[in-house]
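Everything below concerns the one structure shown next.
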Amino acid sequence: MGDFSLLPSLLALVVVVAGLVVVSTLLRRRARRRPAPAIGGAPLREPVDELRKRASIRLVQMDDGIRAAEEELEFARAEFGEAAAHEFADALGTARRRASEAFALQQRLDDSEPDTEQEQRDWSRRILALSDAALALSTAQSRAFAERRRAEGSAADSLRRLDELLATVRVRGQDALRTLATVAGEYDGSASSDLAHAAADAQTALDSAQSDLRAARAELETDPLAAISRRTRSAEAELARAGSVYDAIERLPHDLATASARLADAITAAGLAVRDAQSLRDRVDDHADTVRIAEAGERLRSVAASAAARRPAHPVADLDALARATAELDTAVAVARSAQQRIDSAREALAGALRIAESHIATAEQFIGSRRGGVGTDARTRLASAHRELERARLESDPLVALDTARRAATYATDADALARYDALHA
C-alpha cells in the first residue's frame with residue numbers, strides 16, 4: 001500500500017515536468033521567430049533612399065579628403081623630401097583607385113537604367129566601404145606627417161616657416177598680377193579672365209592665411225603651450241590654394257605662346273582638310289553625303305578665317321574651335337569613305353577630340369577643386385566618368401571607338417562643369 005500511496009505524487013511531478021518542457025520549447029520557438037533587436041536604436045532595415053543618401057554624403061567627404069591629402073602631400077615633399085613622402089604618395093594612389101571605383105558605382109546608381117532595390121543596397125554599401133577605406137588611407141598619412149611636423153619643430157618654428165612662406169607666395173602674387181597684365185595686353189581678354197578671377201580668390205586665401213597666423217601667434221603669446229595646429233593647418237591649406245593658382249598663371253604665357261605656334265599650323269591643316277573634303281565630295285554619288293561634307297567644310301573654312309583674323313588673339317579658344325570644326329568635317333567625310341578611310345579620318349580627328357576632352361576636364365576640375373564641399377556628387381560623378389572615358393580613349397586601339405569615347409569624355413566634363421556651377425550658385 002505504501003508504494004501505491006506515492007503514485008499520485010509521482011504523476012503530479014511528471015505533469016509539472018512535462019509542462020515545463022512544453023513551455024520552454026514554445027519560448028525558444030518564439031525567440032527564434034522574433035526579429036533581432038535594433039542596434040543603437042537604428043532601424044532593422046535602413047530604407048534604400050537613406051542608404052543612398054549616406055553613400056552620397058560619404059562620397060563627397062572622401063573626395064574632399066583626398067584633395068586635402070594631395071595638398072598635404074605637396075607640403076610633405078617640400079618639407080621632408082621625395083623619399084620621405086614616397087609611402088604617402090603610394091597610399092594616395094591607392095585611395096584614388098578606390099575613389100574611382102566608388103564614383104563608377106555612383107554613376108551606375110545615377111544612370112537612366114532601373115536598378116533593383118538589392119542592387120542599390122549592394123552598390124551603396126560598397127560605396128560606403130570604398131569611401132571609408134580611401135578616406136582612412138589619406139587621413140592616416142596626413143596625420144602621420146602632421147605628427148612628424150610637430151615632433152620636428154616647435155610651434156614658434158612652424159609660425160616662422162609659414163610667415164616666410166606667406167611672404168614668398170605674396171611676392172608670387174604680385175608677379176602673377178604683372179603676368180596677367182602682360183597677357184591682357186597681348187591677347188584677347190577672355191584668354192586670362194578665368195585666371196584673373198582665380199587670382200582675386202587667391203588674394204583672399206592669402207589674407208585668410210595671414211589672419212590665421214596672427215590669431216595663432218596671439219594664442220601663443222597668451223599661452224606658450226597653446227595648441228595652434230588647427231590654425232596652422234588652415235593657413236597651410238590657404239597658401240597651397242593660392243600657390244596652385246599662381247602656378248597656373250605662371251604657365252599661362254608659355255601655354256598661350258605654344259598655342260599660338262600651333263595655331264598657324266592648325267589653320268593651314270584646316271585649309272588642307274577643306275580642300276581634301278571638296279575633292280572627295282566631287283567623287284561621292286550620295287547627295288546627302290555631299291551636302292554634309294559641303295556644310296562641314298564651309299564651317300571649318302569660316303572658323304579658320306576667323307582665327308586668322310582675330311586681333312587680339314586667343315589661340316587656345318581658336319584651337320578648340322578649329323578642333324571641333326575639323327572633327328565635324330572629319331565625321332562627314334568618314335561617312336562617305338570606305339572602312340579603311342574612315343579609320344584614317346578617325347585617327348586624325350582623335351587628337352583634336354582628346355584636346356577638347358582634356359580642356360573641358362581641366363576646367364571642371366579647377367572649378368570643383370576650388371569649391372570643395374559646395375559641389376555635390378552629381379558633378380563629381382560626371383567628372384570621374386570623364387576621367388575614365390578619357391583614359392579609355394587613350395588606351396583604345398580602334399580609332400573609331402577611341403574618338404567616340406573621347407567625345408563622350410568631353411560631354412561628361414561639360415555636364416560636370418554645368419552641374420558644379422549650379423551647385424555653387426545654390427549652395
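The values are calculated or read from the model by the stated rules, or taken from the named source; none is laboratory data. As the structure is a prediction and not an experimental result, all values here were calculated from the model. Backbone-built Cβ (ideal geometry, glycine too); neighbour counts: all protein chains shown. Quick note on the areas: whole protein, heavy atoms, side chains included, nothing else; ligands and nucleic acids left out. Shrake-Rupley method; radii C 1.70, N 1.55, O 1.52, S 1.80 Å.
The table that follows gives values for the structure above.
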| read-out | value |
| --- | --- |
| Segment SER302-VAL401, extension gain: residue separation times 0.36 nm, minus the distance between their alpha carbons | 32.8 nm |
| Inter-probe distance in nm under a simple model that places probes 7 Å from Cα toward Cβ, at ARG217 and GLN278 | 7.0 nm |
| Spacing of the two label points (7 Å from each Cα toward its C-beta) at SER100 and ARG67, in nm | 2.0 nm |
| Residue-level accessible surface for ILE66, protein heavy atoms, 1.4 Å, Å² | 10 Å² |
| Burial ranking of peptide ranges 82-90, 113-121, 192-200, 327-335 (average Cβ count within 10 Å, highest at the top) | 327-335, 192-200, 82-90, 113-121 |
| Accessible area in square angstrom per residue, the stretch 285-427, 1.4 angstrom probe | 49 Å² |
| Accessible area of the stretch 184-297 belonging to carbon and sulfur atoms, whole % at 1.4 Å probe | 51 percent |
| Accessible area per residue, Å², the stretch 113-212 with all protein chains present, probe 1.4 Å | 53 Å² |
| Extension gain from GLU113 to ASP207, taking 0.36 nm per residue of separation minus the Cα-Cα distance | 29.1 nm |
| Global geometry of the stretch 45-157, whether rounded, prolate or oblate, following the gyration tensor of its Cα atoms and the 1.5 cut on a/c | prolate |
| Amide H contacts under 5 Å for ALA313, placed H, 5+ residues apart | ASP188 |
| Those residues of the stretch 121-145 whose amide nitrogen sits under 20 Å from the label point placed on HIS86, 7 Å along Cα→Cβ | 138, 141-142, 144-145 |
| Potential lengthening between ARG310 and GLU250 on full extension [0.36 nm per residue; Cα-Cα distance subtracted] | 19.2 nm |
| Virtual spin-label span in nm between VAL48 and THR363, 7 Å along Cα→Cβ | 3.7 nm |
| Neighbourhood net charge (13 Å Cβ-Cβ; Lys/Arg +1, Asp/Glu -1) for PRO47 | +1 |
| Backbone HN-Hα couplings from phi across the stretch 207-212 [Karplus 6.51/-1.76/1.60, Hz, Gly and Pro as x] | 5, 5, 4, 4, 5, 4 |
